[in-house]
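K.L.:
Below is the structure I would like to discuss, written out as structure tokens.
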Amino acid sequence: MASNGNGGFVNGACTQGKPIKCKAAVAWGPGEPLVMEEVELAPPGRLEVRVKLLFTSICHTDLSFLKGENELQRKFPRVLGHEAAGVVESVGEGVEDLAPGDHVVPIFNGECGSCAYCDSGKTNLCGPYRVDPFKSTMTSDGGTRFSVVDRSSGDRRPVYHFLNTSTFAEYTVLDAACAVKVHPEAPLEKMCLLSCGISTGVGAAWNTANVSAGSTVAVFGLGAVGLAVAEGARLRGAARIIGVDINTGKFTKGKEMGITDFIDSKASDKPVHEVIREMTDGGVDYSFECTGINGVLRESFLSTHDGWGLTVVLGIHATPKMLPLHPMELFDGRRITGCVFGDMKGKSQLPGIVDKCMNGELKLNFDGFITHRMPFSDINEAIRLLEEGKSLRCVLHF
């Protein structure tokens with residue numbers, strides 16, 4: 001038996017190769033509250049692992065899918081969730097890098113380690129296991145591992161997967177390429193934030209933008225990802241980090257993460273990009289858009305300095321909206337790029353980051369992002385808090 005790091009134990013021997021019945025918060029339709037159901041979870045298939053989850057948290061991407069904001073990505077019933085941490089319960093055929101008892105962090109953007117994308121140093125995408133919002137089944141056979149009894153018909157029906165992860169459940173099945181083994185003594189409550197928010201924001205500052213010491217930065221949207229960008233820029237030695245949001249309550253938390261200046265975009269009597277240009281003698285070196293709002297993206301782009309300014313797009317934008325830019329605006333030397341999972345190769349790079357946190361070499365402010373802790377059964381309340389802007393990350397414990 002292997003310790004789960006929280007006083008309990010995981011014993012894969014008694015359940016290996018057998019279906020497991022467990023609780024899951026199932027989304028039955030767009031805009032409906034999640035329903036706590038008893039689901040059946042099949043054993044892991046080839047190159048898959050089954051994980052007992054100990055913590056999960058909620059991201060705005062989960063809310064977007066729950067609301068069904070993009071009709072083409074709707075697929076119900078479904079187990080949402082993509083930030084979590086847990087312990088491997090059993091492994092499927094062909095899995096060599098993970099074993100029962102390993103502590104793991106699920107990642108929505110996998111890394112097989114053998115495709116042309118994984119071999120390239122120019123991208124963190126993976127051919128077979130990259131993030132795909134339209135994907136709702138497992139890679140190996142196109143099937144689901146979750147199933148549930150339909151209350152109206154009494155028939156057992158499949159429950160679909162979400163972003164390679166599906167963490168709103170006591171157990172889940174992941175492709176092994178989407179499970180990152182971490183230091184066995186790392187606190188899993190904090191490690192779950194590396195599944196998305198912190199990795200995405202900090203990685204955007206370090207990898208995508210490569211923020212330099214003494215530079216100027218603007219962050220549009222001070223949710224968890226935006227504040228993680230600020231944290232990454234602070235650790236890189238940025239001289240000035242300007243936070244932009246309509247919720248002034250986030251400004252206090254922003255100071256903790258390194259924000260030096262604040263702009264309440266609702267209270268400004270002129271376009272925000274003009275305010276930022278005046279504050280920085282022409283514009284910031286780097287801007288990060290973390291809202292998914294087209295008008296904000298344009299302000300973010302225009303807030304950078306002509307000649308060298310870089311805008312990184314992190315917000316999830318609704319289809320079919322297009323970039324709010326004219327191609328000729330790029331001739332002023334401003335650049336714009338997207339970012340997935342902080343341009344980090346999850347299985348290759350995350351373990352090293354965790355090790356640095358454990359030995360004190362890297363001081364990421366995990367605690368600053370966790371504003372609430374609740375039992376998994378209170379997941380709908382946690383969703384409400386996030387929707388109302390009252391939480392950054394609510395960590396749910398099983």
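The values are calculated or read from the model by the stated rules, or taken from the named source; none is laboratory data. Since we're looking at a predicted model, the values are computed, not measured. Note that each Cβ is placed from the backbone with ideal geometry, even for glycine, and that neighbours are counted across all protein chains shown. Calculation scope for accessible area: heavy atoms of the full protein, side chains included, ligands and nucleic acids excluded. Shrake-Rupley method; radii C 1.70, N 1.55, O 1.52, S 1.80 Å.
K.L.:
Heavy atoms only, probe 1.4 Å: what % of the accessible area of the chain goes to carbon and sulfur, would you let me know? Spell out each step's value before the answer.
P.N.:
Numbers: 8340 of 16400 Å².
Solvent-exposed carbon and sulfur of the chain make up 51 percent of the total.
K.L.:
Report, as a whole number in µm² per second, the diffusion coefficient that Stokes-Einstein gives for region 101-170 at 10 °C and 1.306 mPa s using the Kirkwood radius over alpha carbon pairs. Kindly include the intermediate steps, with their values, before the conclusion.
P.N.:
Values: Rh = 14.1 Å.
Once the numbers are plugged in, D ends up at 113 µm²/s.
K.L.:
At what distance in nm do the modelled label points of residue 73 and residue 246 sit from each other, each positioned 7 Å from its Cα along Cα→Cβ?
P.N.:
The answer from the label model is 2.0 nm.
K.L.:
For region 50-111 and region 234-302, compute the distance between their C-alpha centroids and round to whole Å.
P.N.:
Here the two parts' Cα centres lie 32 Å apart.
K.L.:
Rounded to the nearest 500, what is the 222 nm mean residue ellipticity of the chain from helices alone, with -39500 (n - 2.57) per DSSP H run of 4+ residues and division by all residues?
P.N.:
Details: 11 runs with 85 residues, N = 398.
Helices in the chain give a 222 nm mean residue ellipticity of -5500 deg cm²/dmol.
K.L.:
Using Cα pairs under 8 angstrom and six or more residues apart, how large is the relative contact order of the chain, in percent? The partial results should precede the final answer.
P.N.:
Values: 964 pairs, mean separation 64.0, N = 398.
It rounds to 16 percent for the chain.
K.L.:
For region 255-271, in order, what is each residue's ³J(HN,Hα) by Karplus, 6.51 cos²θ - 1.76 cosθ + 1.60 with θ = phi - 60°, in whole Hz (x at glycine and Pro)?
P.N.:
Per-residue couplings from phi come out as 4, 4, 9, x, 4, 9, 9, 10, 10, 8, 5, 6, 8, 6, 8, 9, x Hz.
K.L.:
Could you sort out which of 190/253; 75/250; 135/345; 52/250 sit more than 23 Å apart by Cα distance in this structure? All intermediate terms of the calculation are to be shown ahead of the outcome.
P.N.:
On the way: 190/253 18 Å; 75/250 33 Å; 135/345 20 Å; 52/250 34 Å.
Result: 75/250; 52/250 exceed 23 Å.
K.L.:
Which ³J(HN,Hα) values, rounded to whole Hz and listed in residue order, are derived for region 336-349 from phi using the Karplus coefficients 6.51, -1.76 and 1.60 in 6.51 cos²θ - 1.76 cosθ + 1.60 with θ = phi - 60°, glycine and proline given as x?
P.N.:
Once rounded to whole Hz, the list reads 9, 8, x, 8, 10, 6, x, 6, 9, 7, x, 6, 7, 9.
K.L.:
Additional query: First check a/c for region 209-338, with a ≥ b ≥ c the square roots of the eigenvalues of its C-alpha gyration tensor; if it is under 1.5, answer rounded, and if not, answer prolate when a/b is larger than b/c or oblate otherwise.
P.N.:
Working: a/c = 1.41, a/b = 1.20, b/c = 1.18.
It comes out rounded by the Cα gyration axes.
K.L.:
Next question, about the same structure. Got the relative contact order for region 209-338 handy, in percent, Cα pairs under 8 Å and 6 or more residues apart?
P.N.:
Details: 264 pairs, mean separation 29.6, N = 130.
Relative CO of region 209-338 lands at 23 percent.
K.L.:
Kirkwood Rh and Cα-based Rg: tell me the resulting Rg over Rh for the chain, rounded to two decimals. It would help to have the intermediate numbers written out before the result.
P.N.:
Numbers: Rg = 20.9 Å, Rh = 21.5 Å.
Here Rg/Rh amounts to 0.97.
K.L.:
Taking only the alpha-carbon positions of region 266-306 and ignoring solvent, what does the Debye formula give for the base-10 log of I(q)/I(0) at q = 0.14, 0.24, 0.29 Å⁻¹?
P.N.:
Here the Debye-derived log intensity ratios amount to -0.27, -0.77, -1.02.
K.L.:
Turning to a different aspect of this structure: Magnitude of the Cβ-charge dipole of the chain, K/R +1 and D/E -1, about the Cα centre, nearest 20 debye?
P.N.:
Values: 40 positive and 47 negative charges, 57 e Å.
Roughly 280 debye for the chain.
K.L.:
Using 0.36 nm per residue, how much length does the chain from residue 373 to residue 319 gain when fully extended, once their Cα-Cα distance is taken away?
P.N.:
Working: separation 54, 0.36 × 54 = 19.44 nm, distance 3.33 nm.
Residue separation times 0.36 nm, minus the Cα-Cα distance, leaves 16.1 nm.
K.L.:
Under a straight-distance cross-link criterion of Cα-Cα below 17 Å, which aspartates and glutamates are reachable from residue 363, leaving out those fewer than 8 residues away in the same chain?
P.N.:
Residue 363 reaches 185, 189, 231, 256, 355.
K.L.:
Based on alpha-carbon positions alone, could you give the equivalent ellipsoid semi-axes of region 295-342 from the gyration tensor, as √(5λ), descending, whole Å? Before the final figure, lay out the partial values.
P.N.:
Working: eigenvalues 68, 35, 16 Å².
Here the semi-axes work out to 18, 13, 9 Å.
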